[in-house]
Amino acid sequence: MTNAQITGGCQCGAVRFSISGALTWAHLCHCRMCQKASGNYFMPLANAQKHEFKVTRGTVAWFASSDVTRRGFCSDCGTPLIFETLDATHLNITLGSLDDPASVMPDIQYGLEAKMPWFSGLDGLSGSATEDASGPDAEQIEKIRRSNHQHPDHDTAEWPVRPHR
């Protein structure tokens with residue numbers, strides 16, 4: 001994938017980053033370590049060269065998940081952001097932390113020994129959009145929408161936005 005400027009950050013906006021080069025080796029990792037680190041069934045990742053990655057707001061917190069790897073996250077909201085092999089020239093960026101995650105389609109999957117056996121049936125499940133205000137959760141969805149503290153999918157000069165007085 002090529003892109004002049006790739007940006008992303010955590011859910012609360014305390015940590016923002018930019019990548020000046022291309023993301024490569026986009027993949028899904030189903031391994032048990034990635035499942036635990038993301039609290040999910042898999043972790044979508046792509047490589048960014050370390051010298052092209054820059055934190056533009058806040059500070060990344062780190063957890064050493066092994067003697068040779070560490071995982072970067074926001075210490076305020078817990079969003080997983082980075083998987084780093086210490087002696088590599090690249091970082092693995094979590095694709096869900098990108099401002100435009102749909103722009104990066106994974107090319108390959110790893111850790112298939114831990115992949116959920118029922119994934120192939122997911123497309124057969126019924127579903128709706130989160131913003132569907134006509135469903136049984138409409139009132140709760142509206143409460144969340146009105147009180148949402150999630151950072152928008154773009155850089156902001158300030159976050160949280162201060163009310164005008």
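The values are calculated or read from the model by the stated rules, or taken from the named source; none is laboratory data. Keep in mind that this is a model prediction, so the values were computed, not measured. Heads up, the Cβs are rebuilt from the backbone with ideal geometry, glycines too, and the neighbour counts pull from every protein chain shown.
Listed here are the residues, each with its yes/no results for (1) under 14 Å from the mean Cα position of the chain (by Cα); (2) hydrophobic (A, V, I, L, M, F, W, C); (3) farther than 20 Å from TYR110 by Cβ.
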{"position": "HIS30", "(1), (2), (3)": "no, no, no"}
{"position": "MET33", "(1), (2), (3)": "no, yes, no"}
{"position": "ARG57", "(1), (2), (3)": "no, no, yes"}
{"position": "ASP76", "(1), (2), (3)": "no, no, yes"}
{"position": "THR79", "(1), (2), (3)": "yes, no, yes"}
{"position": "ILE82", "(1), (2), (3)": "yes, yes, no"}
{"position": "ASP87", "(1), (2), (3)": "no, no, no"}
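A quick yes/no check of all residues on (1) small (Gly, Ala, Ser); (2) farther than 25 Å from HIS154 by Cβ; (3) modelled with pLDDT of 95 or more; (4) in contact with a strand residue (DSSP E or B) (Cβ under 9 Å, 6 or more places away or on another chain):
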site	(1), (2), (3), (4)
GLN5	no, no, no, yes
GLY9	yes, no, yes, yes
VAL15	no, no, yes, yes
HIS30	no, yes, yes, yes
ALA37	yes, yes, no, yes
ALA46	yes, no, yes, yes
ARG70	no, yes, yes, yes
PRO80	no, no, yes, yes
ILE93	no, no, yes, yes
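The selection criterion, being outside any strand (DSSP E or B), over 21 Å from HIS149 (Cβ atoms) and not aromatic (Phe, Trp, Tyr), holds for ALA22. Could you list, in sequence order, the residues of segment 61-96 that are touching a Phe, Trp or Tyr at 6+ places or on another chain (Cβ under 9 Å), among the hydroxyl-bearing types (Ser, Thr, Tyr), surrounded by fewer than 22 Cβ atoms within 10 Å (Cβ to Cβ) and not in a loop (DSSP other than H, G, I, E, B)? THR69, the sole residue that qualifies.
If we scan segment 126-134, do we find a residue that is exposed (fewer than 13 other Cβ atoms within 10 Å of the Cβ), of a type in the set (A, V, I, L, M, F, W, C) and in contact (Cβ under 8 Å) with a residue 60 or more places away in the chain? Checking segment 126-134: not a single residue is exposed (fewer than 13 other Cβ atoms within 10 Å of the Cβ), of a type in the set (A, V, I, L, M, F, W, C) and in contact (Cβ under 8 Å) with a residue 60 or more places away in the chain.
Please count how many residues of segment 123-165 are part of a loop (DSSP other than H, G, I, E, B), touching a Ser or Thr at 6+ places or on another chain (Cβ under 8 Å) and either basic (Lys, Arg) or modelled with pLDDT under 85 (or both).
1
Restricting attention to segment 6-53 and to residues that are among the charged types (D, E, K, R) and closer than 20 Å to ASP87 by Cβ, the residue that is surrounded by the fewest Cβ atoms within 10 Å (Cβ to Cβ) turns out to be LYS50. Kindly evaluate SER120 against the criterion of being surrounded by fewer than 13 Cβ atoms within 10 Å (Cβ to Cβ) and assigned to a loop (DSSP other than H, G, I, E, B). No, not satisfied. Suppose the filter is in contact (Cβ under 8 Å) with a residue 60 or more places away in the chain and more than 20 Å from the chain's Cα centre (by Cα); does ALA114 pass it? Yes.
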